[in-house]
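Each remark here refers to the structure printed beneath this line.
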Amino acid sequence: MRTFTKKQVAVTGVAAVVVLGTGTAAYAYWTSTGSGTGSATTSAGAANLTLEQTSSVINMYPGDAAQSLVVKVTNNAENAAYVTSVTGVASVTQAPGAVGACDPTDYTYNGSPLPANGAFTMTWAPVDLASGGSQSTAGDSIKFNNKTTNQDGCKGATVDFAYSAQ
């Protein structure tokens with residue numbers, strides 16, 4: 001039978017302790033349990049859009065050509081803003097002393113008469129505008145609607161536009 005030296009016994013003992021210790025640590029690691037919670041908040045964001053008509057519409061009259069109507073939307077907020085559409089409302093202010101009626105139906109938007117309430121939706125591709133970013137509408141037009149009825153009430157009238165973005 002073979003006899004072991006003290007050195008061999010010591011090395012074997014240390015190795016056994018290391019193996020058992022590692023196994024115990026691994027067992028403790030894989031069988032431990034725990035729980036926890038956490039939370040996060042999202043900024044409410046702030047819509048801060050500027051809508052500016054960048055095209056000039058000059059005097060309209062029966063038989064005139066359609067004029068371009070362009071609106072630039074700029075995001076002034078710190079956060080990005082997703083803009084799905086741009087809408088407008090046309091209102092008519094008659095000149096002092098004008099005789100007869102004049103309303104939004106006396107004008108066309110993109111070739112079709114405006115409704116009596118003057119509401120219209122501009123040509124717009126939905127976009128996520130970065131802070132400081134901008135995009136313009138494209139392809140829209142306004143024109144005097146030459147009706148078969150008397151439109152003297154529109155002489156000198158002012159057409160105002162109010163825009164909004166969603």
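Since every read-out is calculated from the coordinates, none of them should be taken as a lab result. Just so you know, these numbers come straight off a predicted model, no measurement behind them. All Cβ positions, glycine included, derive from the backbone under ideal geometry; neighbour counts span all protein chains shown.
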Checklist outcome for this item: For Asn79, the residues 5 or more places away or on another chain with a placed amide H closer than 5 Å to its own amide H are Ala46
Next on the checklist: On a full-extension model of 0.36 nm per residue, what is the gain between Val57 and Thr148, subtracting their alpha-carbon distance, rounded to one decimal in nm?
Outcome noted: 30.4 nm
Checklist entry - Given the range 49-165 reduced to its alpha-carbon atoms as identical point scatterers, what log10 I(q)/I(0) does the Debye formula return at q = 0.13, 0.16, 0.19, 0.23 Å⁻¹? => result -0.54, -0.74, -0.95, -1.25
Next on the checklist: What distance in nm lies between label points placed 7 Å from Cα along the C-beta direction at Ser91 and Glu78?
Outcome noted: 3.5
